[in-house]
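Visitor: After the structure tokens below, expect a handful of questions from me.
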Number of protein chains: 2
Amino acid sequence: MLPSQRIRNIVPEGLSDGWGVFMKAREMIAQGQSVIELTIGEHDIKTAPDILQAMQRSAKDGHTGYAPVPGTQGLREIVAAHHQTQAQVPTSAENVLITPGAQAALFAAHLAACNPHDKALYIDPYYTTYPGMLRALSLNPVAIAAKASDGFQPNGASLNAAAQGAASLLINSPNNPTGVVYGQETLEIIADTCREHDLWLISDEVYASQVWSGRHITPRSLPGMKERSLIVGSMSKSHAMTGSRIGWVIGPEDIIAKLSDLATVSNYGVVGFIQDAAEYALHLGSSAFISVSAPFERRRKLALEILKEFPQINVIPPQGAMYLMLDIRSTGLNGEAFANALLEQRKIAVMPGESFGAAAAGHIRVAMTVEDALFSKALKSLCDFATNLASK
Amino acid sequence: MLPSQRIRNIVPEGLSDGWGVFMKAREMIAQGQSVIELTIGEHDIKTAPDILQAMQRSAKDGHTGYAPVPGTQGLREIVAAHHQTQAQVPTSAENVLITPGAQAALFAAHLAACNPHDKALYIDPYYTTYPGMLRALSLNPVAIAAKASDGFQPNGASLNAAAQGAASLLINSPNNPTGVVYGQETLEIIADTCREHDLWLISDEVYASQVWSGRHITPRSLPGMKERSLIVGSMSKSHAMTGSRIGWVIGPEDIIAKLSDLATVSNYGVVGFIQDAAEYALHLGSSAFISVSAPFERRRKLALEILKEFPQINVIPPQGAMYLMLDIRSTGLNGEAFANALLEQRKIAVMPGESFGAAAAGHIRVAMTVEDALFSKALKSLCDFATNLASK
């Protein structure tokens, strides 16, 4: 029997989803080949032992039953307090729903914002799950190109052209894959578009703690935006807790109440002892996430030094997150062909830009997720490879 | 701004969702009153220490990153092996998707089976989240009454009348709230209906390890049914791991592959170190879940003995699960009025039958989830209260 249309087309037939290089690298590693893996956004460190101990303490103390469906009071409160400090907008536990990770938060936020067949906007380049997620929700996904020539920032004309009749707009700053952090000006344009066209703004801010230049601004802080913004955050990137699957949606109280109804029927809440561990981790304050993000800031500096020596490779210096987006169009190859050749000839795995949308074509994304010396070595080899191709 | 229609109507405005007694009991307990709580299906024991140790071992060993999206190979394999033993149908890891709990599994299974606005069938009495879940998925929920006079088993005529034009049928055996376990005959009728009307059968089997008379039969074992059955299971009830949020869907390989695409965009997989704990727990074999279910079997015996002395209260002896469904129509009250009066006058909290659908009106559900002596005392008090009312 055929499954539903909505689930059949999450990954459309015949469309490359850009994970070929990733899969090939995995196979090569499984065969015992030595491959430097710079594809996915997984830290090269583990969750800190004291956070795991906090989890075990909670479980041993008997918190092994159902947790309150919208999240534990303690975790909701500290997430609200952190956001309030950042947004300077009153935020309480009632504005927060805890979810099993940020992907679940994005899914729930869109379910709350859009009915089936609604037009849902997102910015290209995008995180790879976005269009498939919108299709799974029976939405009509429409990409808005943020061109490399615009520094990967969306412009007002493109936003307004697409916004007519749409229900929602999904943004992601600090951005994966580009490393761009939207400034006040870009966010004002986005907010204008949302207010004018009565859109929900769904803001994926999972890299909020990893900003290397400029500062993170949440659009919920802009005038008239807290009523229409659903902010998605997570413990994954900030605290190296990817495997713990803890995220959240922050939004208007009435929407969070409805999202709590949704949580009752879609997951019946999130693991309580992991929420206790997340609460512990957030109480550690900024030192906890600074230590997690420090390697990426360090490697970013290393990378920008190395790239100075290879003028044929353009880079927009990443302002945040854990990736480099490199323009390899001078090689004459597209991102996918380059990534395949690089894997084959230099045993280095990176993501083709095309995996993140048409606007990232001719680019590759390099995750800064191996230790500094190996990272430098890999990046030099990559740049040397690209320069040789470009010089042919 | 208003949220989407689909999320607005999960709990319809003005419709009592039957949780009033539960909420009132919580308030009374918070005020320091002594209330015997027999409402929800939460064990009176915690997750076993050795299972928690297995979790901590996995986390300490560094399994704190993303787990494979469809589930760890080890957990998928042992879930498949257990199901194969029960169903006598070939089942491998590729037939299993791990989900963050059974509720998430039910949600995903319906998303896979039905497009927006499809007619989705379920049996009344039902587990309370069912109709709201179907509404959240933009489905058209249609209840099929399984009458008390039919021993709460659905009959062929009702099934066939409803099946015309439907996309799916959701069943739950062993049943919450009624304790009924569907026998071969009922399951054959259900399977006939599904084959004839080309329906997906979604079978919620979370109480499969708690059967006190007869035996659990999974409909996936019936001819022509493995192609159209999505079986939902979980660690919650069998291993007292409600808070760990581990469940699964078992189905055809091609559907599980699509459900894995859905998992990528809806939750990005499930906590790996908890999956390792679940795998450990399943490797313990039947002793682990027999010790968890033994108290319910014991209290069921106690209850049937006590009920003999109160002939004005009818009970269909529960064949499985952790509840008693008592017919209190002789009191002249409906379930909600009775439950409210019982809470007020005897400080005992039970669920009104109406919370589980019209077919359970005039009944109450008693969770057998407090220790034996207290349970006996509470049940005697309840029966005495009902008999007094009935004798007036």
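Visitor: Can you name every residue in region B:48-59 that is closer than 24 Å to B:Ser291 by Cβ and part of a helix (DSSP H, G or I)?
Guide: B:Pro49, B:Asp50, B:Ile51, B:Leu52, B:Gln53, B:Ala54, B:Met55, B:Gln56, B:Arg57, B:Ser58
Visitor: Right, next: From the list A:Leu111, A:Leu106, A:Leu137, A:Leu97, which one is touching a strand residue (DSSP E or B) at 6+ places or on another chain (Cβ under 6 Å), at the interface with chain B (Cβ under 10 Å from one of its Cβ atoms), of a type in the set (A, V, I, L, M, F, W, C) and under 24 Å from B:Gly101 (Cβ atoms)?
Guide: Selected residue: A:Leu106, the only one of A:Leu111, A:Leu106, A:Leu137, A:Leu97 that is touching a strand residue (DSSP E or B) at 6+ places or on another chain (Cβ under 6 Å), at the interface with chain B (Cβ under 10 Å from one of its Cβ atoms), of a type in the set (A, V, I, L, M, F, W, C) and under 24 Å from B:Gly101 (Cβ atoms).
Visitor: If A:Asp124 passes every condition in (1) within 18 Å of the chain's Cα centre (by Cα); (2) charged (D, E, K, R); (3) within 14 Å of chain B (Cβ to nearest Cβ) but one, which one does it miss?
Guide: (3)
Visitor: Quick one: A:Arg26 ticks every box in (1) in contact (Cβ under 8 Å) with a residue 24 or more places away in the chain; (2) more than 20 Å from the chain's Cα centre (by Cα) bar one, so which box is it?
Guide: So A:Arg26 meets the others, but not (1).
Visitor: Any residue at all in region B:60-70 that is surrounded by fewer than 16 Cβ atoms within 10 Å (Cβ to Cβ), of a type in the set (S, T, N, Q) and within 30 Å of B:Glu279 (Cα to Cα)?
Guide: Within region B:60-70, not a single residue is surrounded by fewer than 16 Cβ atoms within 10 Å (Cβ to Cβ), of a type in the set (S, T, N, Q) and within 30 Å of B:Glu279 (Cα to Cα).
Visitor: Could I ask something else about it? Would you call B:Ser58 in contact (Cβ under 8 Å) with a residue 12 or more places away in the chain, among the polar types (S, T, N, Q) and not assigned by TED's automatic domain parsing to the domain that holds B:Leu382? Before the answer, list the steps.
Guide: Values: in contact (Cβ under 8 Å) with a residue 12 or more places away in the chain: yes; among the polar types (S, T, N, Q): yes; not assigned by TED's automatic domain parsing to the domain that holds B:Leu382: yes.
Yes: the conditions hold for B:Ser58.
Visitor: In region A:279-311, what residues are assigned to a helix (DSSP H, G or I), in contact with a helix residue (DSSP H, G or I) (Cβ under 8 Å, 6 or more places away or on another chain) and more than 27 Å from B:Ile40 (Cα to Cα)?
Guide: A:Tyr280, A:Ala281, A:Leu282, A:His283, A:Ala288, A:Pro295, A:Arg298, A:Arg299, A:Leu302, A:Ala303, A:Ile306, A:Leu307
Visitor: Taking only region B:287-340 into account, find how many residues are over 19 Å from B:Ser381 (Cα atoms), in contact (Cβ under 8 Å) with a residue 60 or more places away in the chain, of a type in the set (S, T, N, Q) and out of contact with any strand residue (DSSP E or B) (no Cβ under 7 Å at 6 or more places or on another chain).
Guide: Here the count works out to 1.
Visitor: Condition first: at pLDDT below 95, outside any helix (DSSP H, G or I) and of a type in the set (Val, Ile, Thr). Can you find one or more residues in region B:316-339 that meet it?
Guide: Yes, there is a match, as at least one residue in region B:316-339 is at pLDDT below 95, outside any helix (DSSP H, G or I) and of a type in the set (Val, Ile, Thr).
Visitor: Given the options B:Gln88, B:Gln53, name the one that is within 13 Å of chain A (Cβ to nearest Cβ) and at pLDDT 95 or above.
Guide: Numbers: B:Gln88 fails: within 13 Å of chain A (Cβ to nearest Cβ).
Unique residue meeting the criteria: B:Gln53.
Visitor: Take B:Ala341 and tell me if it is within 21 Å of the chain's Cα centre (by Cα) and more than 23 Å from B:Ala146 (Cβ to Cβ).
Guide: It is false that B:Ala341 is within 21 Å of the chain's Cα centre (by Cα) and more than 23 Å from B:Ala146 (Cβ to Cβ).
The values are calculated or read from the model by the stated rules, or taken from the named source; none is laboratory data. Treat the numbers as computed from the prediction; the structure is a model and nothing was measured. When we count neighbours, we look across all protein chains shown, and the Cβ atoms used for this are built from the backbone with ideal geometry, even at glycine.
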